[in-house]
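Below: the structure, in structure tokens.
All of the numbers you see were taken from the coordinates with simple rules; none came from a lab. Everything numeric here is computed off the predicted structure, so don't read it as measured data. Quick reminder, even Gly has a Cβ in these numbers, built from the backbone with ideal geometry, and neighbours come from all protein chains shown.
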Amino acid sequence: MKISDVARLTGVTVRTLRYYDEIGLLRPGAVTEAGYRVYGDADLETLQQILFFRELDFPLEDIRRIMKNPAYEKETALRKQRELLLQKRDRLDSLIELLDRILKGERDMSFTQFDSTQIEETRRQYAAEAKRRWGDTAAYAEYAQKSARAGDAQQRMLEGEGARILSAFGESRALAPDSAEAQALVKQWQDYITSGYYTCTKEILACLGQMYIGDARFTEHIDRYGAGTAAFMAAAIEIYTR
């Protein structure tokens with residue numbers, strides 16, 4: 001999908017999409033020889049997540065830092081965003097009900113419906129939690145430093161030595177995730193990430209495991225080593241990090 005098509009579909013201007021590309025917030029999936037940006041489904045999903053953050057008044061730099069963090073949990077972020085949006089909806093419903101009563105001729109001098117204190121407090125708490133959890137960790141700082149030299153760290157992680165370990169996961173996927181063999185492979189994966197990319201704590205490893213089954217791009221790549229490899233790997237990681 002060309003950038004003009006994305007703009008028409010989403011309501012985000014072409015100028016904004018170009019700016020997102022320039023600051024590294026949303027890169028197009030491909031660029032043609034003529035220089036045209038082409039966006040795929042995964043790019044549109046990323047844009048949707050960005051717009052949720054923007055709806056909650058997150059600065060662009062915070063969004064970029066949070067979403068580029070390897071420990072970023074898409075589902076957790078969406079659940080938090082949903083909670084806050086539901087609060088906003090309840091407030092709007094209360095305001096609409098107040099308007100309806102006034103339009104019917106009722107004299108209602110209530111002002112509690114205008115109070116947005118709870119929503120603002122929830123938003124501040126969520127912003128602080130998101131930055132603490134995904135945006136300001138020592139592991140992320142190390143990741144950013146190393147990935148600046150290594151290019152797309154997450155993609156490179158699946159190549160070379162990483163591919164060998166993934167292949168071993170594929171060959172072992174018929175085993176129980178809690179088997180000694182599966183758990184040994186998880187330890188190899190953790191050590192591999194730590195040695196080549198950033199300190200992979202159990203917390204970060206657990207997040208990565210969820211990403212391998214929550215992000216279709218990673219699931220598809222890992223399942224090249226056998227259908228179900230990503231799910232087996234995620235289950236083994238979940239047990240290892242529990």
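Among the GluC sites (Glu not before Pro) in region 1-62, those located in a DSSP loop and surrounded by at most 13 other Cβ atoms within 10 Å of their own Cβ are 33. Stretching the chain fully between residue 97 and residue 171 yields a gain of 20.6 nm (0.36 nm per residue, less the alpha carbon separation). Computed from label points 7 Å out along Cα-Cβ, the spacing between residue 184 and residue 9 is 4.6 nm. For the peptides 193-199, 235-241, the ranking by packing is 235-241, 193-199, with the highest mean count of neighbouring Cβ atoms within 10 Å listed first. Residue separation of residue 79 and residue 239 scaled by 0.36 nm, minus their Cα-Cα distance, works out to 55.3 nm of gained length. Excluding residue 7 itself, calculate the net charge of residues whose Cβ lies under 15 Å from the Cβ of residue 7, where each Lys or Arg counts +1 and each Asp or Glu counts -1. Local net charge: +2. Summing charges over all other residues whose Cβ lies under 11 Å from the Cβ of residue 24, with Lys and Arg as +1 and Asp and Glu as -1, gives +1. Rounded to the nearest whole Hz, the Karplus-based 3J(HN,Hα) values (6.51 cos²θ - 1.76 cosθ + 1.60, θ = phi - 60°) of region 78-84 follow the sequence 5, 5, 5, 5, 4, 4, 6, with x at glycine and proline.
Each residue of region 232-242 was assigned a 3J(HN,Hα) from its phi angle through the Karplus expression (A = 6.51, B = -1.76, C = 1.60, θ = phi - 60°), giving 5, 5, 4, 5, 5, 5, 4, 5, 5, 9, 5 Hz with x at Gly and Pro. In a fully extended conformation the segment linking residue 163 and residue 32 would gain 44.3 nm over its present Cα-Cα distance, using 0.36 nm per residue. 3J(HN,Hα) along region 58-64: 6, x, 4, 5, 5, 4, 4 Hz, from the Karplus curve 6.51 cos²θ - 1.76 cosθ + 1.60 with θ = phi - 60°, whole Hz, x for Gly and Pro. Which chymotrypsin sites (Phe, Trp or Tyr not before Pro) does region 34-98 hold that lie in a coil by DSSP with at most 12 other beta carbons within 10 Å? In loop regions of region 34-98 (DSSP not H, G, I, E or B), the sparsely surrounded chymotrypsin sites (Phe, Trp or Tyr not before Pro) are 36.
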